[in-house]
Amino acid sequence: MTRKNKYKTLLINTLSLTISLFYSPLAFSQIFDDYQNPPSVKWREIQTPEFQVIFPAEFENQAQRLIYVLESVLTKVSKSIGKKPRKISIILQNRDVVSNGFVQLGPRRSEFSTTPPQQMDYQDWLNSLAVHELRHVVQFDKISGYLKAPLFEQLALAIFGITLPPWFYEGDAVGIETTLSTAGRGRLPSWELPFRTNTLSGKKYSYQKDFLGSLKHITPGYYQLGYFMTTKMRRDYGENFLEDLMTRIAKNPIRPYNFSSSLKTLTGYNTESWHKKTVEELDSLWRDQLKKTNPLTYTSFPESRSEIIDFLFPKALPNGNTLALQRSNHSVPKIVSITADNRIEEVIKTGIQTEPHFSYGGNKITWDELRYDKRYLKRNFHVINVYDLASKKYKQLTFKTRLFSPALSADGMHIATIEINLENRASLLILNSTTGAEERRIALPANLNVQTPSFDSSGKKVITTAVQQQGATLLEVNLQTGESRLLMGWQKQQLERPIYIPQGILFKAHYNGIDNLYLLPYSGEAPQQITNIKFGATNPYFDESSGSIYFNNYQVNGYMISTLNLEQTLSQSITPTADSFISYFKPLIQQENITDTSTFIPTKTFASRPYKDIQHLFNFHSISPVGDDISSIDNFDLGLQLMSDNLLNTLSTRIGFNYDQNTSRTDYYVSASLKRWFPKFTVEYRNQAQLSSVRLQNNLNERVPLRWREHHTELKTTIPLTFNRLNTLYNTGVSIGTSYTWRYDISLKNISLPNFSQVRFPLLLQYYFNRNSRRSLLDLAPKWGQNLNFIYRSMVFDRRLSGNLFSMKSTFYFPGLVNNHSLQARFNFQERNGDYRLSNDIPMVSGYDQLLTTDVHNTLFLDYRFPIAYPDWDISPLAFIKRLKAGVFADFENFGRQNQFSPRTLGIELRADLNILRFYLPNFDAGVRAIYVNDASPKNIIFTYGVSYTY
């Protein structure tokens with residue numbers, strides 16, 4: 001081995017070890033949380049040898065069905081990896097309207113957010129979750145299942161995250177959900193659409209860019225990339241390949257680039273070359289498909305743009321403009337009006353949506369948005385908003401509801417929307433668009449996921465999509481009689497966004513293997529193909545005044561808008577072609593017997609019983625390094641802690657020790673955080689060493705070191721609140737705390753230290769308020785933001801001591817001179833007296849630790865930050881740089897006091913957003929700062945560097 005390679009290997013090993021030490025459970029496809037449900041939820045559980053399913057009482061019927069499916073598919077989900085997983089707890093969250101699921105370790109559990117989405121593949125949502133998430137359980141146990149509670153679950157999670165890239169475990173899970181059912185995302189043209197479009201358009205990016213993403217180009221996403229790369233492994237090397245690959249990885253988990261080296265040993269290709277080989281095969285298959293479909297050319301608008309941008313759900317306005325929901329990397333989602341000369345005018349910014357959606361009728365706009373519960377973030381809501389284009393007035397129409405996909409009637413007087421209750425039963429609601437009053441409620445057939453309603457022109461009928469395990473169909477509801485009927489048999493198709501037109505029902509499907517628009521005639525004939533698109537068409541809208549169909553036409557930079565004249569289109573019928581979808585999964589069907597989980601009708605009832613959270617408060621799962629949240633490597637204290645987190649996130653306990661490098665002593669602590677009720681309670685005990693200095697009474701110019709140990713007990717109560725409205729997020733809260741300190745083993749025995757041995761119940765009060773606008777992907781900070789934090793400390797309860805400290809910290813954000821630039825102003829001040837007179841409770845100016853010490857009363861920081869470039873540089877295999885950015889700053893100290901108006905320090909910074917060692921998470925922000933000292937100082941220029949990370 002050459003010296004160069006030795007150094008390279010040493011660097012890789014060092015970086016790998018560093019990341020593994022700091023690796024967090026958050027560094028996976030889903031960001032795990034510690035949120036709670038309201039204490040009013042009545043939990044029950046079902047115990048079997050393989051599963052513990054915990055669920056709200058009203059979800060009993062669905063839980064019974066789900067556990068039957070879990071037990072039925074367990075063997076098949078495990079077969080191709082060769083590992084039967086250990087028993088796991090699965091928590092069903094029915095108050096979360098964001099459809100999702102995850103598996104985690106530390107503690108070992110899985111959570112299913114049970115509310116079905118308004119856009120998905122054509123099968124039952126819970127069945128899909130069962131197969132996909134159960135595959136993750138098998139993956140965990142295959143790689144690190146020998147590391148168990150009560151000590152090693154977090155270590156197992158770290159090993160899993162370090163050895164397997166997210167594209168592998170997510171892509172493999174998508175492959176299993178596809179091959180073990182008659183649905184799954186691997187069967188959807190819409191799901192592979194960005195990857196296929198890039199490839200056919202000649203946009204073939206590097207492995208790192210396709211995997212880690214880009215801020216300037218659309219990339220496949222690691223789910224899609226992983227599905228094709230893992231499926232190709234099984235296509236080329238057979239049923240047992242994944243088992244052989246994961247077995248080799250598990251045998252030596254600390255091997256550098258374990259996955260890539262194992263893949264190369266078994267195939268001759270590392271991850272980079274395997275990516276290239278996969279793309280080459282897909283390019284060939286997709287080009288053959290393109291020849292078979294022989295697509296037509298459709299003009300689109302607005303004019304072609306280089307940046308990533310979508311104009312979704314186009315609607316024609318009477319004045320000739322076109323409404324659309326604009327999404328892009330450079331701005332937050334907003335509804336815009338597009339003029340005939342391609343000018344884009346903002347109508348209103350929208351808030352957080354679980355699925356993009358809006359509807360137009362009668363000169364009004366309606367859309368749905370997510371709303372947080374103020375305290376219990378496991379519960380959230382879906383509300384309906386209305387905007388009047390004539391009066392330019394916005395109104396939130398509903399509150400604390402679970403309403404989805406609102407649609408306006410042609411006259412704008414009524415709204416049709418889907419309600420999904422806590423038992424997953426769907427109802428169609430008709431609301432008054434002015435008051436929000438419920439005018440009609442129609443119960444829909446059980447076990448149907450009903451999506452995206454739309455009125456007919458008379459307002460007497462509504463058409464929707466309906467999905468269950470057999471597939472998808474169109475469901476029509478008569479609003480006068482309340483009766484509903486299926487217009488088609490069950491289709492193995494992703495049917496979306498049906499609307500009425502004079503000749504029938506227009507909707508999106510993929511009968512020829514590409515997303516196109518189809519017409520179901522009122523006569524009952526077979527669906528007729530209306531478009532023959534190159535990449536994908538969706539979101540149809542019919543304008544009666546012009547007789548035109550508007551729809552979204554996907555391009556390499558996003559969804560544009562195309563139009564068709566309906567009569568002309570129908571007169572020039574498209575010759576249907578056979579299904580040309582490449583069905584990349586098909587060779588795997590011979591390896592896996594397809595499991596149609598619609599046949600899993602429970603034949604028995606499992607015994608359920610109440611689940612009492614108070615009986616399961618302690619759940620010790622891991623020994624972990626102290627200091628998971630590292631702000632500075634210099635201040636990192638080595639130590640270990642034993643962690644306990646109960647399954648419902650209502651109690652967290654830590655027992656540990658750490659070695660303090662400043663005192664050269666070991667500290668011990670126990671802490672507990674109770675989060676079940678509206679206030680959060682935290683109690684912590686620490687036995688810790690302290691180091692300071694005192695002046696000698698006979699020589700005030702001399703200070704001598706003072707050491708001691710202390711018992712420190714702290715109690716704190718916090719009420720955190722979260723709000724959101726449209727494009728603005730709010731956080732506020734109040735905390736109150738106190739502590740008791742008893743000092744002993746004081747090193748200076750002969751020096752009088754009055755009132756030193758005890759500190760009795762100092763008071764801590766804190767109030768904070770944050771109001772920030774949502775950020776786009778390219779924004780370096782919120783465009784507008786106001787953040788205030790007030791802290792008051794006092795010795796009011798200890799008569800032997802005295803002192804008060806009041807501090808205020810603030811951050812204000814403003815738009816920069818150019819989009820995505822940011823101007824930030826931070827003003828902080830403090831007033832201290834008595835025993836707090838030497839304490840600093842506010843941030844100090846840049847380079848403060850190398851400046852002459854002053855008595856700081858306030859600080860003011862002005863920062864202007866801006867992006868420089870989005871290079872997407874491969875520094876393979878060490879780093880992938882997505883963005884370069886810079887900033888200028890000026891830091892003031894004691895601003896306005898004694899005519900002090902000039903900055904104490906100022907300077908520039910250069911930073912980069914990057915991924916290290918091909919880890920998808922965390923995202924690193926690294927840079928250097930040059931600080932000019934604007935006063936008498938040993939140094940005129942100070943250079944600092946820093947690395948931070950986010951998930």
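Say we look at segment 269-281 and pick out the residues that are without any contact (Cβ under 8 Å) to a residue 60 or more places away in the chain and assigned to a helix (DSSP H, G or I); which of these is surrounded by the most Cβ atoms within 10 Å (Cβ to Cβ)? Result: Thr278.
For segment 926-951: of the residues being free of Cβ contacts under 8 Å to residues at least 24 places away in the same chain and either under 17 Å from Ala890 (Cβ atoms) or not assigned by TED's automatic domain parsing to the domain that holds Pro903 (or both), which is nearest to the chain's Cα centre (by Cα)? Across segment 926-951, the extreme among qualifying residues is Ala930. Counted as qualifying within segment 637-686 are the strands (runs of 3 or more DSSP E) with 1 or more residues that are touching a His at 6+ places or on another chain (Cβ under 7 Å), namely 638-645. Among the residues of segment 399-429, which ones are over 27 Å from Asn61 (Cβ atoms) and of a type in the set (Val, Ile, Thr)? Listed by number, the list holds a single entry, Ile415. Reported count of residues in segment 685-710, each being modelled with pLDDT of 90 or more and out of contact with any Lys or Arg (no Cβ under 8 Å at 6 or more places or on another chain), is 2.
Restricting segment 842-872 to residues that are assigned to a strand (DSSP E or B) and of a type in the set (Val, Ile, Thr), the residue that is surrounded by the most Cβ atoms within 10 Å (Cβ to Cβ) is Thr859.
Is one or more of the residues making up segment 899-918 within 26 Å of Tyr205 (Cα to Cα), in contact (Cβ under 8 Å) with a residue 60 or more places away in the chain and part of a loop (DSSP other than H, G, I, E, B)? So far as segment 899-918 goes, yes, one or more of its residues are within 26 Å of Tyr205 (Cα to Cα), in contact (Cβ under 8 Å) with a residue 60 or more places away in the chain and part of a loop (DSSP other than H, G, I, E, B).
Scanning segment 142-177 for residues that are out of contact with any Gly (no Cβ under 6 Å at 6 or more places or on another chain) and either under 11 Å from Arg108 (Cα atoms) or not in a helix (DSSP H, G or I) (or both) returns Gly145, Tyr146, Leu147, Lys148, Ala149, Pro150, Leu151, Phe152, Ala156, Leu164, Pro165. Looking across segment 378-413 at every residue that is of a type in the set (A, V, I, L, M, F, W, C) and not in a strand (DSSP E or B), the one that is surrounded by the most Cβ atoms within 10 Å (Cβ to Cβ) is identified as Leu397.
Filtered by the rule that a residue be surrounded by 13 or more Cβ atoms within 10 Å (Cβ to Cβ), at negative phi and out of contact with any helix residue (DSSP H, G or I) (no Cβ under 8 Å at 6 or more places or on another chain), segment 469-487 gives Ala472, Thr473, Leu474, Leu475, Glu476, Val477, Asn478, Leu479, Ser484, Leu486, Leu487. When Tyr205 is tested against (1) over 23 Å from Leu777 (Cβ atoms); (2) surrounded by fewer than 24 Cβ atoms within 10 Å (Cβ to Cβ), only condition (1) is not met. Selection of segment 520-554 for residues being aliphatic (A, V, I, L, M) and in contact (Cβ under 8 Å) with a residue 12 or more places away in the chain yields Leu520, Ile530, Ile533, Ala537, Ile549. Restricted to strands (runs of 3 or more DSSP E) entirely inside segment 75-129, no element has at least 1 residues that are without any contact (Cβ under 8 Å) to a residue 24 or more places away in the chain, more than 17 Å from the chain's Cα centre (by Cα) and outside the structural domain of Tyr237 (by TED's automatic domain parsing). The sole residue among Lys204, Lys209 that is part of a loop (DSSP other than H, G, I, E, B), in contact (Cβ under 8 Å) with a residue 40 or more places away in the chain, of a type in the set (Lys, Arg) and over 18 Å from Val77 (Cα atoms) is Lys204. Taking segment 454-510 and the strands (runs of 3 or more DSSP E) fully enclosed by it, the elements with 2 or more residues that are of a type in the set (Ser, Thr, Tyr) and over 12 Å from Leu520 (Cα atoms) are at 461-468.
Are any of the residues in segment 292-309 outside the structural domain of Gly547 (by TED's automatic domain parsing), aromatic (Phe, Trp, Tyr) and either without any contact (Cβ under 8 Å) to a residue 60 or more places away in the chain or at positive phi (or both)? No - not one qualifying residue is present in segment 292-309. Whether any residue in segment 424-441 is under 27 Å from the mean Cα position of the chain (by Cα), modelled with pLDDT of 95 or more and more than 19 Å from Leu495 (Cα to Cα) is what I want to check. Yes - at least one qualifying residue is present in segment 424-441. The residues listed here are Asp798, Asp874, Asp855, Asp849; of these, the one that is in the same structural domain as Leu910 (by TED's automatic domain parsing) and over 26 Å from Leu910 (Cβ atoms) is Asp855. Look at segment 494-518: where a residue is farther than 24 Å from Asp124 by Cα and a partner is among the charged types (D, E, K, R) and surrounded by fewer than 23 Cβ atoms within 10 Å (Cβ to Cβ), sitting 6+ places away or on another chain with Cβ atoms under 8 Å, you get Tyr500/Asp456; Tyr500/Lys461. In the set (1) modelled with pLDDT under 95; (2) crowded, with 16+ Cβ neighbours inside 10 Å, the condition left unmet by Ser757 is number (2). If you filter segment 555-592 down to residues that are more than 28 Å from Leu325 (Cβ to Cβ) and without any contact (Cβ under 8 Å) to a residue 12 or more places away in the chain, you find that the one that is nearest to the chain's Cα centre (by Cα) is Lys586. With respect to the conditions (1) buried (at least 18 other Cβ atoms within 10 Å of the Cβ); (2) at pLDDT 95 or above; (3) among the aliphatic types (A, V, I, L, M), Leu817 falls short on a single one, namely (1).
The values are calculated or read from the model by the stated rules, or taken from the named source; none is laboratory data. Note that the coordinates shown come from a computational prediction; the quantities given were computed from them, not determined experimentally. Positions of Cβ are generated from backbone atoms using ideal geometry, with glycine treated the same way; all protein chains shown enter the neighbour counts.
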